[in-house]
Structures are given as C-alpha cells and as structure tokens.
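A short write-up of the structure that comes next.
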Amino acid sequence: MAKPTEFRVDVEKALGKTEIRAHFRKAMDTLMINRRNQFPDDAALQALRTQAQAIRANALSKLPELLQQLETNLIKNGVQVHWAETTDEANQIVLGIMQKHNAKSIIKGKSMVSEEMGLNHFLEERGIEALESDLGEFIIQLDGETPSHIIMPAIHKSKEQISALFHEKFPDIPYTDNVDELTASARRILRDKFYAAPVGLSGVNFAVAETGTLCLVENEGNGRMSTTIPPVHIAVTGIEKVVEKLSDIPSLLSILPRSATGQPITTYFNMISGPRKPDEKDGPTEVHLVLLDNGRSRIYSDPELLATLRCIRCGACINHCPVYVRIGGHSYGTVYPGPIGTILEPQKSGLSVHGELIQASSLCGACGEVCPVRIPIPNIINRLRYDSVRKDTENTPTQEAGTRRKSLEAATWKAWSWAASTPSVYNFGSKTATQLRGLVPNNLGAWTSVRSAPKLAEQTLHQQLKTLGVDHE
C-alpha cells in the first residue's frame, strides 16, 4: 500500500479532533445563518451577484490597461508603486523599504497576500519584528500558528484556549475568559506598538484604477491604525484586486461583508489615495504599493481558469464547504484553504505540490451557489482534475499539468473505453462478471477505505430486460 501523503495524514489527524470539529461546525452554522438572514430576497441577491460578477469580470477583461492606469494615478497621488513577479521579489521590496528607513519593526493590518509571501518569517530571519494587529492574527501569531480561515484566522480556537494562551504569554495580565476583557487586553498591548512602529503594512481589498485609491475593509480599526500612525505605509496586494471605477465599489462593498460574516456593513472602510498632505494632521508621510503576480498572469491567460481571479476573499465558499467544516483550514497546508484554496493553490504552486487538494471536494456545488461573484468553483475543480492527468500538457497554462497521470490508470480506462464501445466484448465481459461476482474482493484500495465494495447483480441489465420482455435491441 502506498505511503499516505502529508495532506492525508493531516486530514486523518483533523478528523480525530472532535472538539475542534465541533468549534468549526458551530462557527460555520452561525456564519451560514447570518448570511442567509442578510439576503431575505433571493431575486435581489441574484441581481447583486450578477452586478458584482460583471464588475470583477470587466476589470479582469481590461486588467493590463487598468493596472497601468492604477500605477499612473497612484504615482500622481504621491504613492510609490513596486511590481513583484514572485513572493521573493515582493519580500525583498518590503525589506528594502525597511532598510531605507532603518526600521527594526513593522505593525501589520490583516493581509492574506503577506501570508502568501511568508513575510513575517522572512523579516524575522533578518532581525525585524513583524507584529500582527488583527486580533485573530495576533492570537495565532502568539501561538506560532498560521490562519485557518481567510477572514477569521483563529476560528479553530475556543475562548478557553485563547484565555490560557494570553495568560501564558502575558502573566502580568489577570486570567479571564471574558471576551471583552481579552479584547481590551490585546488593544492595550498593541496600542503602544502602533505608536512605536516606524512602518505599517496592510492588504488591499480593492484598488481603484480611475482615482488611484486603495480600499481596505475591516472591523477592528487596526487597519486604520496601521495605515495612519506609522510614518511609512506599505500596502501589498495581488494584481487582480484592481477595479475600474470608484462607482464599482458600493456594489462590492454591499455584497462582501454580507457574504463573509453576515454583517450589513463593516465597521471601517478606509480609502487611501496618497501620503499625508501639508494641511493634514495625520497619515503616513510615505506610501508604497507592492503589486504581486505570483502566478496570477499565468491563470489570467486561460479563459476558463481566469474566473478564479474574480475572488473578493469573502470566505463564503469556505463557510459553506462540507469538507472544510470537517477537516479545518490547517489540514490543507496552504495559505488559502477551502474551495478557493482548492482551485487557487494548485494553479499558483503547481499540481505536483498541491494537486491532491482538487480531490478534497464532494462537488456538491455549495461553493459555487454562494460565491458573490459567481466563480464556477466546481467546474474549475473538474478542469484541474482533467489537467492533472491530461496527456497534451503543452496546451494548458496549468502549472505541472499531467504530473498526476498514472500509466496503469490510463491504460485501464483506455481498455474500458474499448470494451464499452465493442458490443461483443462488453456483453461477454458483463456476463462473465455476473457469474464471477462472488470473487469480487471487499478491499478495492482507496475507494473501499471509506465505502462498501460494490456487489454485482445476478443478471446483466440486458438479461433483466429480456426476462421482463422488454425490447432492448
């Protein structure tokens, strides 16, 4: 028997953690109910989804031109724009800015792209402290973990676990499991860091090409603190986050929080168009934007896979995924878990690295049904499954296509295809199989590890129809 992969080992471990699975089930149920309550009128929801889909599709159809327009307007507004093809290049750009200012620490708002870059680890290896200020990110950073969800990083932890963690890391603070008191403690700890940090970093939810505006969506205020108090602000984002016009934002802002957490609107919506002006009292004196590719241009080149880049990182597909709720985010071993990670990560890193994720789906379609920008996630999963075993690997931009092709499996299906298209062979095989049905083993590999072995009927379909007197020729 083949040795279990790291992904399968992690899944087995996750399935055995009943307490964590209960946390996920309760949290996901709550998020699904909250989302449903925000959209009582299905017709209105579908109209909004259509509008959001059109906005994102329009932006992607003009992506090269819009990125140029975005850069032009950002520079006009006083923002310094940097382009990075890889995460290594992006990390080096951030490091260069830090070194230019002799900065030994950075305070971070929430950013999945910085997670994609592995920025914290990169900076810490070079003697620079990178501190997360989002409460969920702060909690998992204290515990040396990575996010298990793209919008709720510490959703896998219970209140009691967080209380014990705070008491361990900050023994001077009295132990409490009161959520409000824990939050207040975190705020006190972080407040001094905001004022002391020479550089702040944030992600970007939407970058408006028309005006050169960076939009940030958040609930806690740490994003606003990270982008206004430190004298230098660095924003990092994928190249796909651009939208054409400022008038596109209201529709996206309307559907994003309602799809993500079931909120009608987020607490904060920040719009950054440049550094502090002479007549302004706060804000950074220097603003940088790092635009990261990291495989996105390759995804962009395929008309079918392109839809992956419409994602607005709401996490709705994750919240409704029956696989994610059972195995959690860490089992995926990726930055982006759940359905969106299942299609994005293999495209970014290659099928030989994360190709197994495309099998971690029931294809129930829930992710596609709730996606606010109508990404056909099940269709893309099937496309990647096909690419992973296809023979003509030169005709697809999918990285490392064909690497999961197995010669024996391919030969078996080829033989089955021939038999199924040759009536005499098919009929003979069917009759023989029914006569030897008692010899079918109970162990048929991975299939029967979680299922009962199929039992052949006593008669073939043709024989049954003939017994019933049905003309089947």
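The values are calculated or read from the model by the stated rules, or taken from the named source; none is laboratory data. What you are looking at is a predicted structure, and each value in this text was computed from that prediction instead of being measured. Note that we place each Cβ from the backbone using ideal geometry, even for glycine, and neighbour counts take in every protein chain shown.
Quick notes on this one:
- Qualifying residues in segment 37-53 (those that are in contact (Cβ under 8 Å) with a residue 60 or more places away in the chain and over 23 Å from ALA307 (Cα atoms)) - the one surrounded by the fewest Cβ atoms within 10 Å (Cβ to Cβ): ASN37
- Condition met for VAL208 (of a type outside the set (Gly, Ala, Ser) and either closer than 22 Å to VAL94 by Cβ or touching a residue at least 60 places away in the same chain (Cβ under 8 Å) (or both)): yes
- Cβ-Cβ under 7 Å pairs, at least 6 apart or on other chains, segment 302-319 side at positive phi and in contact (Cβ under 8 Å) with a residue 12 or more places away in the chain, far side of a type in the set (A, V, I, L, M, F, W, C) and in a loop (DSSP other than H, G, I, E, B): ARG313/ILE150; GLY315/ILE150; GLY315/ILE151
- Within segment 10-25, being surrounded by 13 or more Cβ atoms within 10 Å (Cβ to Cβ) and either over 30 Å from LEU351 (Cβ atoms) or among the hydrophobic types (A, V, I, L, M, F, W, C) (or both) holds for VAL11, ALA14, LEU15, ILE20, HIS23, PHE24.
- With a requirement of 3 or more residues that are more than 21 Å from VAL242 (Cα to Cα), the helices (runs of 4 or more DSSP H) lying completely within segment 287-377 that satisfy it span 316-319, 324-327, 338-349, 351-354, 366-370.
- Scanning segment 162-200 for residues that are under 30 Å from the mean Cα position of the chain (by Cα), farther than 30 Å from VAL287 by Cα and hydrophobic (A, V, I, L, M, F, W, C) returns ILE162, ALA164, LEU165, PHE166, VAL179, LEU182.
- When the criteria are applied in full, ILE189 meets the requirement of being within 30 Å of ALA235 (Cβ to Cβ) and either free of Cβ contacts under 8 Å to residues at least 40 places away in the same chain or part of a helix (DSSP H, G or I) (or both).
- Candidate set: segment 201-236, residues that are hydroxyl-bearing (Ser, Thr, Tyr) and not in a strand (DSSP E or B); chosen: the one farthest from THR266 (Cα to Cα): THR211
- Which numbered condition SER202 misses (of (1) hydroxyl-bearing (Ser, Thr, Tyr); (2) surrounded by fewer than 17 Cβ atoms within 10 Å (Cβ to Cβ); (3) at pLDDT 95 or above): (2)
- In segment 408-441, the residues that are of a type in the set (Gly, Ala, Ser) and surrounded by 11 or more Cβ atoms within 10 Å (Cβ to Cβ): ALA410, ALA415, ALA419, ALA420, GLY429, SER430, ALA433
- With respect to the conditions (1) exposed (fewer than 13 other Cβ atoms within 10 Å of the Cβ); (2) in contact with a Pro (Cβ under 7 Å, 6 or more places away or on another chain), LEU384 falls short on a single one, namely (1).
- For segment 390-402, filtered to residues that are hydroxyl-bearing (Ser, Thr, Tyr) and under 16 Å from ILE343 (Cα atoms), the residue that is surrounded by the fewest Cβ atoms within 10 Å (Cβ to Cβ) is THR396.
- Selection status of LEU60, more than 30 Å from LEU201 (Cα to Cα) and either out of contact with any Ser or Thr (no Cβ under 6 Å at 6 or more places or on another chain) or free of Cβ contacts under 8 Å to residues at least 40 places away in the same chain (or both): no
- Among the numbered conditions (1) surrounded by 21 or more Cβ atoms within 10 Å (Cβ to Cβ); (2) closer than 20 Å to SER111 by Cα, the only one that THR261 does not meet is (1).
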